[in-house]
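Below is one structure, written out as structure tokens, with a few remarks after it.
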Amino acid sequence: MARITAGVASSHIPALGVASDLNKTEEAYWAPAFAGYDWTKRWEAEQKPDVVILVYNDHASAFDMKIIPTFAIGCGESYQPADEGWGPRKVPVVEGHPDLAWHIAQSCILDEFDMTIINEMDVDHGLTVPLTMMFGKPEAWPCKVIPLAVNVVTYPPPSGNRCWALGEAIARAVASFPEDLNVQIWGTGGMSHQLQGPRAGLINAEWDNRFLDGLEGDSDALRHIPHIEYLRETGSEGIEMVMWLVMRGALGKATRTLHRHYHVPASNTAVGHIVLEPV
Amino acid sequence: MTSTTDIHAYLAEFDDIPGTRVFTAKRARQGYHLNQFAMSLMKAENRERWKADEAAYLDEWKLTPEQRAAVLARDYNRLLDLGGNIYFLAKVFSTDGLSFVQAVSTMSGMSLQDYQAMMIAGGRSPEGLRSIKDKH
């Protein structure tokens, strides 16, 4: 049977991808941000997940204003890196896992989650930067990836509670997939950052660290944080943290932290990263 | 299940955040053509046509005169007020060769140098910037 063995959360800052692509990770400015992923790179090499369910948001790349799905799951064979305005990143093609993805889509729909099914799309930095942070620069990504896109751009995004519940539904779906697969679920985006307006540059390290604390253990208090609190406390783009709650919800009742990293700044953003396992 | 949230009360709170334009449905509707124009710059051939003649390129899109003037002036705060979304507008400043840090600093009223120094020192504190009405 397929099983979710771990949850990983990480910021997906585009500048981290650029720093990796241009071999700048050892520079003084970038080194502390990347150093926090060294442990995870070694751990992932040992874990060898077969599939990663990668929860992320599209940043006006695959989806424009024509169609805005709240929850969408990639059921395709593969996904090319998107051209976000400066040409596509020169990173490997992302290979999907259509059998498991369609299984999750069907199971979640019967579980009363109205998933949008995507068969063709390009994937932007929201998805490729976390792969870079966890796997470095391989010839090919070492696992299959199921993209799970969440709208956190056009309001209202889904509530944290709904994201958590979707994670629980994904866990039920994975557990009912007959093939023996080591599956991880990643939540990406955040932590505190604001990319727009006169309040741009807002960072709230204290709040971010309380959020990281809340991911560990058996409390589900984080699912009840309202959107307005993310906006006030963590900046307009801090809302991306609701995607971490899909990951947390999928890990079940309680978690243990294997690794944790926090660094300010990388570009305009607080880098948050945590590795959890279900207990 | 949570209880149904009153959408009017939900939206009203967004107007109380200083220096922030939340991308509500109202802004999404107002900025539809503006954001779709920005999105078109994801294609290399469109970027070339845009760079060759910005005004002519804009003629192909149903922008209001205010949106058109703000795009040409790269006035990002104004564009946010007119329904622009930062992830769409990013295609414009990326085409200009600007990074997020460079572009974002132009909205903050700070020089790039001062903005970067603020970020390295830990970023802009939320103290005093959580709520407009609580400040007064």
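The values are calculated or read from the model by the stated rules, or taken from the named source; none is laboratory data. The shown structure was predicted, so the numbers you read here are calculated from the model rather than taken from an experiment. All Cβ positions, glycine included, derive from the backbone under ideal geometry; neighbour counts span all protein chains shown. Just the protein is used for accessible areas: all its heavy atoms, side chains included, with ligands, DNA and RNA removed. Shrake-Rupley method; radii C 1.70, N 1.55, O 1.52, S 1.80 Å.
Listed here are the helices (runs of 4 or more DSSP H) enclosed by the stretch B:59-136 that have at least 1 residues being in contact (Cβ under 8 Å) with a residue 12 or more places away in the chain and at the interface with chain A (Cβ under 9 Å from one of its Cβ atoms): B:76-81, B:86-95, B:100-105, B:112-120. Might you let me know whether the stretch A:35-51 holds any residue that is surrounded by fewer than 15 Cβ atoms within 10 Å (Cβ to Cβ), within 14 Å of chain B (Cβ to nearest Cβ) and either in a helix (DSSP H, G or I) or in contact with a Cys (Cβ under 9 Å, 6 or more places away or on another chain) (or both)? No, the stretch A:35-51 contains no residue that is surrounded by fewer than 15 Cβ atoms within 10 Å (Cβ to Cβ), within 14 Å of chain B (Cβ to nearest Cβ) and either in a helix (DSSP H, G or I) or in contact with a Cys (Cβ under 9 Å, 6 or more places away or on another chain) (or both). Of all the residues in the stretch A:211-227, those that are more than 10 Å from chain B (Cβ to nearest Cβ) and in a helix (DSSP H, G or I) number 7.
Count, please, the residues in the stretch A:255-279 that happen to be open to solvent by 20 Å² or more (accessible area, probe 1.4 Å) and either touching a Pro at 6+ places or on another chain (Cβ under 7 Å) or away from chain B (no Cβ under 14 Å) (or both).
10
When each of A:THR132, A:THR154 is tested for being open to solvent by less than 10 Å² (accessible area, probe 1.4 Å) and hydroxyl-bearing (Ser, Thr, Tyr), the lone residue that passes is A:THR132. Selection over the stretch B:7-39 of residues that are over 30 Å from B:GLU127 (Cα atoms) and surrounded by 19 or more Cβ atoms within 10 Å (Cβ to Cβ) gives a count of 6.
Screening A:VAL94 on (1) surrounded by fewer than 22 Cβ atoms within 10 Å (Cβ to Cβ); (2) out of contact with any Leu (no Cβ under 6 Å at 6 or more places or on another chain); (3) hydrophobic (A, V, I, L, M, F, W, C) shows it passes everything except condition (1). For A:ASN23, are the conditions met, namely being open to solvent by less than 20 Å² (accessible area, probe 1.4 Å) and not charged (D, E, K, R)? Spelling it out, it is not the case that A:ASN23 is open to solvent by less than 20 Å² (accessible area, probe 1.4 Å) and not charged (D, E, K, R). Contact annotation: residue pairs with Cβ atoms under 6 Å, 6 or more positions apart or on different chains, pairing a residue in the stretch A:138-159 that is among the basic types (Lys, Arg) with a partner that is open to solvent by 20 Å² or more (accessible area, probe 1.4 Å), are A:LYS144/A:GLU95; A:LYS144/A:HIS97.
Only a single criterion out of (1) over 26 Å from B:SER108 (Cα atoms); (2) at pLDDT below 95 is not satisfied by B:GLU48, namely (2). When the stretch B:56-73 is filtered for residues that are open to solvent by 40 Å² or more (accessible area, probe 1.4 Å) and under 20 Å from B:GLY97 (Cβ atoms), the ones remaining, listed by number, are B:LEU72, B:ALA73.
Please verify whether the stretch A:228-243 includes one or more residues that are more than 22 Å from B:PHE23 (Cβ to Cβ), crowded, with 20+ Cβ neighbours inside 10 Å, away from chain B (no Cβ under 14 Å) and within 17 Å of the chain's Cα centre (by Cα). So far as the stretch A:228-243 goes, no, none of its residues is more than 22 Å from B:PHE23 (Cβ to Cβ), crowded, with 20+ Cβ neighbours inside 10 Å, away from chain B (no Cβ under 14 Å) and within 17 Å of the chain's Cα centre (by Cα). Annotation note: of A:ILE109, A:ILE67, the sole residue that is aliphatic (A, V, I, L, M) and assigned to a loop (DSSP other than H, G, I, E, B) is A:ILE67.
One residue stands out in the stretch A:158-181 among those that are in a loop (DSSP other than H, G, I, E, B) and charged (D, E, K, R): the one that is farthest from the other protein chains (Cβ to nearest Cβ), namely A:ASP180. Restricting attention to the stretch B:74-92, the residues that are surrounded by fewer than 21 Cβ atoms within 10 Å (Cβ to Cβ) and polar (S, T, N, Q) add up to 1. Report yes if A:GLY217 is without any contact (Cβ under 8 Å) to a residue 60 or more places away in the chain and either among the acidic types (Asp, Glu) or in contact with a Leu (Cβ under 6 Å, 6 or more places away or on another chain) (or both), otherwise no. Spelling it out, it is not the case that A:GLY217 is without any contact (Cβ under 8 Å) to a residue 60 or more places away in the chain and either among the acidic types (Asp, Glu) or in contact with a Leu (Cβ under 6 Å, 6 or more places away or on another chain) (or both). Residues that are within 19 Å of the chain's Cα centre (by Cα), more than 7 Å from every other protein chain (Cβ to nearest Cβ) and within 25 Å of A:PRO81 (Cα to Cα) number at least 1 in the following helices (runs of 4 or more DSSP H) confined to the stretch B:6-54: B:32-40. For the stretch A:241-273, a residue qualifies if it is among the polar types (S, T, N, Q) and farther than 20 Å from A:HIS227 by Cα, and the qualifying residues are A:THR255, A:THR257, A:SER267, A:ASN268.
Within the stretch A:182-210, if we keep just the residues that are surrounded by 22 or more Cβ atoms within 10 Å (Cβ to Cβ) and more than 14 Å from every other protein chain (Cβ to nearest Cβ), the residue that is farthest from A:THR255 (Cα to Cα) turns out to be A:THR188. The set of residues from the stretch A:116-156 being away from chain B (no Cβ under 14 Å), assigned to a loop (DSSP other than H, G, I, E, B) and within 15 Å of A:PHE63 (Cα to Cα) comprises A:ASN119, A:GLU120.
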